[in-house]
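The values are calculated or read from the model by the stated rules, or taken from the named source; none is laboratory data. A quick note: this is a predicted structure, and the numbers were derived from the prediction, not measured. Because the Cβ atoms are built from the backbone with ideal geometry, glycine has one as well, and the counts that use them run over all protein chains shown. For the accessible areas, the whole protein counts, side chains as well, though only heavy atoms, and no ligand, DNA or RNA atoms are used. Shrake-Rupley method; radii C 1.70, N 1.55, O 1.52, S 1.80 Å.
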Amino acid sequence: MTDFHHALRSLRVWDTALPSFDPASAPPEPLPLFHDWFTAAVAAGQTEPHTLSLATADEDGRPDVRTVMLHDADARGWHFASHAGSAKGRQLAARPEAALGFYWPVQGRQVRIRGHVTTGTPEEAYEDLHARTTGALAAALVGRQSEVLDSPATLAEASEAAWRRAEAEPDAPAPSWTLYVVEPAEVEFFQGDARRRHLRLRYRRTASADAGWTRELRWP
């Protein structure tokens, strides 16, 4: 057995007490339950609970995935941001559909979201960026996300220049910075169980906006 396989086989899953979850007590809409689970993950000490996997598809329909940060979750949907010219920005412009995945192992929980993606206004993108740190602004000012880089030295030079500008001009704009909102069509909540009796509760938006959401359990 190689070191990799030994390490892989030695790992345990959810080596901790898991919370209970009663689907019958779940709210009629997914957002309040997401807020509850998120704050519970924070309280339980989950590392970086605001990070999520973002899946998109390119022009040939091939899936792509990366980790981004959640910027908000409200009645409009789940928010994240990036450069419009990045790989994900180009993919979303061509195919404005995405899937999100949150994993909080400290409580054996996952949340999966699928839906149509819209963009916020330039004013919302500006406010989103400038509510963050100087480092975030500097990174946005560097731009060129997903382009080919000739060397780490080139990145270091561009980053230093961007940091100087961000510190001197904290209100500097980054025109390609874009706020994206995933408008959920489906949201699934997964609660792990030590005996593998996992609970999966899926919310599906109904055809009628007035009817709201349909809730259903799924086999694990």
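General remarks:
- Just one of (1) closer than 30 Å to Thr16 by Cα; (2) among the aliphatic types (A, V, I, L, M); (3) within 19 Å of the chain's Cα centre (by Cα); (4) open to solvent by 50 Å² or more (accessible area, probe 1.4 Å) fails for Leu199. It is (3).
- All positions within the stretch 45-70 that are part of a strand (DSSP E or B), of a type in the set (S, T, N, Q) and more than 10 Å from Ala99 (Cα to Cα): Thr51, Thr67
- Tally, over the stretch 81-98, of residues that are open to solvent by 30 Å² or more (accessible area, probe 1.4 Å) and of a type in the set (Gly, Ala, Ser): 4
- Selection within the stretch 131-159 - in a loop (DSSP other than H, G, I, E, B), over 20 Å from Thr178 (Cβ atoms) and touching a helix residue (DSSP H, G or I) at 6+ places or on another chain (Cβ under 9 Å): Leu149
- Of all residues in the stretch 143-166, those that are within 19 Å of Ala87 (Cβ to Cβ) have Cβ atoms under 8 Å from Cβ atoms of residues that are hydroxyl-bearing (Ser, Thr, Tyr), 6 or more apart or on another chain, in Gly143/Ser176; Gln145/Ser82; Gln145/Ser86; Ser146/Ser86.
- Counted residues, the stretch 77-130 - those being under 17 Å from Ala57 (Cα atoms), free of Cβ contacts under 8 Å to residues at least 60 places away in the same chain, assigned to a helix (DSSP H, G or I) and among the small types (Gly, Ala, Ser): 3
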